[in-house]
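Here's the structure we're looking at; comments come further down.
The values are calculated or read from the model by the stated rules, or taken from the named source; none is laboratory data. Keep in mind that what you see is a predicted model, and the values were worked out from it rather than measured. Glycine gets a Cβ as well: all are built from the backbone with ideal geometry, and neighbour counts include every protein chain shown. Note: areas computed on protein heavy atoms with side chains; ligands, DNA, RNA excluded. Shrake-Rupley method; radii C 1.70, N 1.55, O 1.52, S 1.80 Å.
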Amino acid sequence: MEAVRTTHLKKTYHGKTAVDEVSLTIEQGELFGLIGPDGAGKTSIFRMLTTLLLPDGGAAAVDGLDVVKDYRQIRKRVGYMPGKFSLYPDLSVEENLNFFATVFNTTVAANYTLIKDIYVQLEPFKKRRAGKLSGGMKQKLALCCALIHKPTVLFLDEPTTGVDPVSRKEFWEMLQQLKAQHITILVSTPYMDEASLCDKVALIQQGKILSVDTPAAIVASYPQPLYAARANEMHQLLKALQQSADVRSSYGFGEFAHVSFKDTDIDIASFETILAKKGLTDIEIRPTPVTIEDCFIERLNSQA
Amino acid sequence: MRTILFLLEKEFRQIFRNRSIMLLVLVMPVIQLLLLPLAANYEVRNVNIAIIDNDHSSYSRKLITGITASGYFRLTGYLFSYKGAMSLIEKDQADLLLEIPRGFERNLVREGRQQLFVAVNAINGTKANLGGVYLGTVIKAANDDIRLDLAPQQAGAPPAIDTVTANWYNPLLNYRVYMVPGILAILVTMIGGFLTALNIVKEKEAGTIEQINVTPIKKHHFILGKLIPFWVLGNVVFTLGLIVSRLIYGIVPQGSILLLYGFIWIYLLAVLGFGLLVSTFCDTQQQAMFIMFFFIMIFVLMGGLFTSTDSMPEWAQVASRFNPVTYLIEVMRMVILKGSGLKDIAGRMGVLTLFAIVLNGLAIFNYRKTS
């Protein structure tokens, strides 16, 4: 049985489609990433799966339980961490954790092994009010509270948005540890670099799933060799690339421009001379590994 | 059942930690009960009167002495023309004008009758009205004196009906005795209603309600977890209020204290239900605040605290039957001042029970865990 299954799931807000016929299957024990920009419909999917929002069409099941019919059962077994910090700021770390344990009819002690690695970092601050914690600490506490009843599926809605790079890295390490405890994790993020840390990712844009696969397979499916280009005048370079008849796609990517060509066997050296004629100097074009972000842009372009 | 205990523990912890709520509950009722009944007073004193004496006779002087000695009036002008007196009214230095006509004493003695002219500045309705009445009383007293002067030797005074009024339940017509129970009713309403509405909306604003909604906590558990703490706080406010009105104003409830509490218990359920209902419609504390304020204003002003509901137009009287505050103010005055028993307030208790059931029912119905 799959941990999560949605079929043609749909949600509209005032006639505007936020989630458009989304069909997903998440296996048990998987760390599944929902990757897409802001407004892609990630939070709506999360809220439907956690029974906070009623779907307008299609069906969804968590642990084989229907999100509309069996919502009571689902609420007992899922953990949800909303994108916005939503624990009681006027209760202490300890009190928050105890409260959420008791409302799920369990105790902190009973499931302490699950949160131990995270909680030890919070322990020095256990008397502090949750509202007075730093951003990274708040995320850790929220994760603890979402885990304290030993959920079978954990929903993390943009857990790393607005968190510093070090805490982000730590957070993903914690997720890997949880995966080892056979908890299915569905995580959403707007950061493409986090996608490669998932077992499987779904790329989502404007409510539609663009593709679902392992990060490796998504990267491998990129149809063309990819090059990174650099020159003295980046703006000029991008313009030249866009105007060139040989170029299939080009876009800025950090300090480089990523380029793919219509002819996969193109002679790079002769292409460089063409660019040089346009007045560009220090031209450097070399093959580069494909990233999830490149795939995302590729899918968007092929859709358009 | 265990869930409720945990919810209550959490709720009370948050309340005790919130110093402003504690202050609101403990200090606000005391201060308001100390201030409001002393300041809000129906008794009118210091009515400024300007007198135009065109007669300058012993009777006119006697009349003026009577007026100034009554304690209600302050003589701000003693003039000889109506025009001059009118300018005093225009400058807001006089509330009343009394004009004594030329030949007042002569005509009174000769013809047995004379007219006085009184003009009232009616911008402040209450002051003008009461001032006019007081002046009438003082003039009548002076008139009686004059009659006695003129006709002592007549056999038997002319027949006159004299009324003697006994003020029951408030023999000295002490204004505070009437106001304190009413103000206490408003305080209980404000604290109960506002705190409940704001509390739930606060959870919405902070997003904590999301987190609660994905737990197995049941709807009625959550609502009870919110109702009970504020119900307890309402009782605390009421008790404090009773203590203050006893210690400061010497108001000892004539009726049964238990009956009063019984009524307050039902009343609080209705008011808290109302607060809950408002909270289900609002997304921010600001919205909740203004909606509650809108209703509380109507409840208070149409509830018979300042103006008796009996003197309202018919539609307002009908509307006041749907106003829980009306019932509480009535019952408070009945039980505290008059010593009414269960039999007398049972009907009102029934209506409030109905209010409590309907309001809480609507609130539970409208509080959706899933949107």
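Overview of values
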item	result
Boolean, A:N105 is more than 24 Å from B:N18 (Cβ to Cβ), within 11 Å of chain B (Cβ to nearest Cβ) and out of contact with any helix residue (DSSP H, G or I) (no Cβ under 6 Å at 6 or more places or on another chain)	yes
Index of the failed condition, A:I268 passing every other in (1) within 22 Å of A:A195 (Cα to Cα); (2) touching a residue at least 40 places away in the same chain (Cβ under 8 Å); (3) among the aliphatic types (A, V, I, L, M)	(1)
Count of residues meeting criterion [within 23 Å of B:G250 (Cα to Cα) and open to solvent by 10 Å² or more (accessible area, probe 1.4 Å)] in the stretch B:300-312	1
Only listed residue being open to solvent by less than 10 Å² (accessible area, probe 1.4 Å) and touching a strand residue (DSSP E or B) at 6+ places or on another chain (Cβ under 9 Å), chosen from B:V201, B:V214, B:V180	B:V214
Among the candidates A:P159, A:P151, residue that is more than 20 Å from B:K218 (Cα to Cα) and either away from chain B (no Cβ under 12 Å) or not polar (S, T, N, Q) (or both)	A:P159
Top-ranked residue in the stretch A:109-135 [being outside any helix (DSSP H, G or I) and within 14 Å of chain B (Cβ to nearest Cβ); ranked as nearest to B:I212 (Cα to Cα)]	A:R129
Wholly within the stretch A:205-304, helices (runs of 4 or more DSSP H) carrying at least 1 residues that are aromatic (F, W, Y) and not assigned by TED's automatic domain parsing to the domain that holds A:P190	A:268-277, A:292-303
Members of the stretch B:4-24 that are open to solvent by less than 30 Å² (accessible area, probe 1.4 Å) and at the interface with chain A (Cβ under 8 Å from one of its Cβ atoms)	B:L7, B:K10, B:Q14
Residue ID - surrounded by the most Cβ atoms within 10 Å (Cβ to Cβ), chosen from residues in the stretch A:278-304 that are basic (K, R) and without any contact (Cβ under 8 Å) to a residue 60 or more places away in the chain	A:K278
Hey, B:L269 modelled with pLDDT of 90 or more, open to solvent by 10 Å² or more (accessible area, probe 1.4 Å), more than 19 Å from the chain's Cα centre (by Cα) and assigned by TED's automatic domain parsing to the domain that holds B:R176 or not	yes
The one condition in (1) surrounded by fewer than 23 Cβ atoms within 10 Å (Cβ to Cβ); (2) away from chain B (no Cβ under 14 Å); (3) at pLDDT 90 or above; (4) under 20 Å from the mean Cα position of the chain (by Cα) that A:T43 fails to fulfil	(2)
In the stretch B:197-211, residue nearest to the other protein chains (Cβ to nearest Cβ) [restricted to those that are over 35 Å from the mean Cα position of the chain (by Cα) and β-branched (V, I, T)]	B:T208
Condition check for B:F294: aromatic (F, W, Y) and either under 30 Å from A:L52 (Cβ atoms) or open to solvent by less than 20 Å² (accessible area, probe 1.4 Å) (or both)	no
Of all residues making up the stretch A:71-84, the number that are among the β-branched types (V, I, T) and more than 9 Å from chain B (Cβ to nearest Cβ)	0
Condition met for A:T113 (open to solvent by 30 Å² or more (accessible area, probe 1.4 Å) and closer than 30 Å to A:G162 by Cα)	yes
Test: residue in the stretch A:262-277 that is touching a Leu at 6+ places or on another chain (Cβ under 8 Å) and open to solvent by 60 Å² or more (accessible area, probe 1.4 Å)	no
Odd one out for A:A228 among (1) surrounded by 15 or more Cβ atoms within 10 Å (Cβ to Cβ); (2) under 24 Å from the mean Cα position of the chain (by Cα)	(2)
Candidates A:L87, A:L9, A:L31, A:L24, filtered to the one that is open to solvent by less than 10 Å² (accessible area, probe 1.4 Å), touching a Cys at 6+ places or on another chain (Cβ under 8 Å), touching a residue at least 40 places away in the same chain (Cβ under 8 Å) and more than 14 Å from every other protein chain (Cβ to nearest Cβ)	A:L31
Selection from the stretch B:313-371 of residues that are exposed (fewer than 15 other Cβ atoms within 10 Å of the Cβ) and within 14 Å of chain A (Cβ to nearest Cβ)	B:R368, B:T370, B:S371
Of all residues making up the stretch B:191-215, the number that are part of a loop (DSSP other than H, G, I, E, B) and in contact (Cβ under 8 Å) with a residue 60 or more places away in the chain	0
Filtered residues of the stretch A:184-211 (kept if open to solvent by less than 60 Å² (accessible area, probe 1.4 Å) and either of a type in the set (F, W, Y) or over 9 Å from the mean Cα position of the chain (by Cα) (or both))	A:T184, A:I185, A:D199, A:K200, A:I204, A:Q205, A:G207, A:I209, A:L210, A:S211
Tally of residues being open to solvent by 60 Å² or more (accessible area, probe 1.4 Å), under 30 Å from B:K140 (Cβ atoms) and touching a helix residue (DSSP H, G or I) at 6+ places or on another chain (Cβ under 8 Å) across the stretch B:31-57	3
Residue that is open to solvent by 40 Å² or more (accessible area, probe 1.4 Å), out of contact with any Gly (no Cβ under 9 Å at 6 or more places or on another chain), closer than 30 Å to B:G136 by Cα and away from every other protein chain (no Cβ under 14 Å), where the choices are B:M28, B:M86	B:M86
Of all residues making up the stretch B:39-57, the number that are hydroxyl-bearing (S, T, Y) and modelled with pLDDT of 85 or more	1
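The rows are residues; the columns are (1) within 16 Å of B:G125 (Cα to Cα); (2) in the same structural domain as B:A128 (by TED's automatic domain parsing); (3) modelled with pLDDT of 85 or more.
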position: B:F73; (1), (2), (3): no, yes, yes
position: B:Y78; (1), (2), (3): no, yes, yes
position: B:M86; (1), (2), (3): no, yes, no
position: B:I89; (1), (2), (3): yes, yes, no
